[in-house]
Amino acid sequence: MRIYVQAHYFPDEYLNLMVGVTIATSVLGHSVADPAFEPFYAELDRRGTVLYIHPAGVSACSPLVSSYGLTCPIGAPIEDTIAVTHLIINGIPKRYSRIKIINSHLGGALPMLLQRLDNQYRWAVPETLELPSRQAGRMWYDTVGHFHVPAFRCAYDSFGADRLVLGTDFPYLSGEMYKQSVTYRENSEIPKEDVHRILDANAASLLGLERR
């Protein structure tokens, strides 16, 4: 099966009504870094737009996940991890540096694996264009961590406050859990100015809300 992608060129006045686009972590079982999607990335790069990536809910195409009821509990962050790593090893953040890529759920397991990738990519995927941690630093990550402060701190320590943006996982987290998804950063013992960046300033800058 082949996937054909055509980049549609909409007038800029239409684009002004949009703050960005979103895609899933895979498309019909194909990687987000599949060569078929190069025209798509080229057009996003031309426009310097925001791209938000969210799990497809397909258990990372693994029956070892789907057959055990784990599509949401672990399947989603596994999909995040695979997608963001595919972007890195295929050089998407470097080659299309004007795209503002936002990954879901703290980047999945990427914060814990970043040093491992840096240590092993030269022999595992030597075609990678740039140090994985450097390419990771070209992207952003939402803060959905289901209130787990150590996970948030790992992402904060790995990427820095400037690369994290507020995420709530609504409507999956609602009511009191929705509130916790916003406030749990306050229990992480990071500087107040960094909390402000993460909850407000970073997203405003990314989405161009400051200009508006």
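Within segment 99-157, how many residues are surrounded by 14 or more Cβ atoms within 10 Å (Cβ to Cβ) and either farther than 26 Å from ILE23 by Cβ or of a type outside the set (Phe, Trp, Tyr) (or both)?
Final tally of qualifying residues: 41.
If you check ASP12 against the conditions, is it on the phi < 0 side of the Ramachandran plot and at pLDDT 90 or above?
no
May I ask you to list the residues in segment 16-48 that are under 14 Å from the mean Cα position of the chain (by Cα) and not small (Gly, Ala, Ser)?
Those that are under 14 Å from the mean Cα position of the chain (by Cα) and not small (Gly, Ala, Ser): VAL21, THR22, ILE23, THR25, VAL32.
Determine whether ARG185 is surrounded by 14 or more Cβ atoms within 10 Å (Cβ to Cβ), at pLDDT below 90, of a type in the set (Lys, Arg) and more than 14 Å from the chain's Cα centre (by Cα).
yes
Quick one: in segment 58-92, of everything that is within 18 Å of the chain's Cα centre (by Cα) and on the phi > 0 side of the Ramachandran plot, which residue is surrounded by the fewest Cβ atoms within 10 Å (Cβ to Cβ)?
The qualifying residue surrounded by the fewest Cβ atoms within 10 Å (Cβ to Cβ) is GLY91.
Return yes or no: is PRO93 modelled with pLDDT of 95 or more, farther than 23 Å from TYR141 by Cβ and not in a loop (DSSP other than H, G, I, E, B)?
Considered against the rule, which asks whether it is modelled with pLDDT of 95 or more, farther than 23 Å from TYR141 by Cβ and not in a loop (DSSP other than H, G, I, E, B), PRO93 comes out as no.
The values are calculated or read from the model by the stated rules, or taken from the named source; none is laboratory data. Computed from a prediction, not measured in an experiment: that's the story for all the values here. Every residue, glycine as well, gets a Cβ built from its backbone with ideal geometry; the counts of neighbours run over all protein chains shown.
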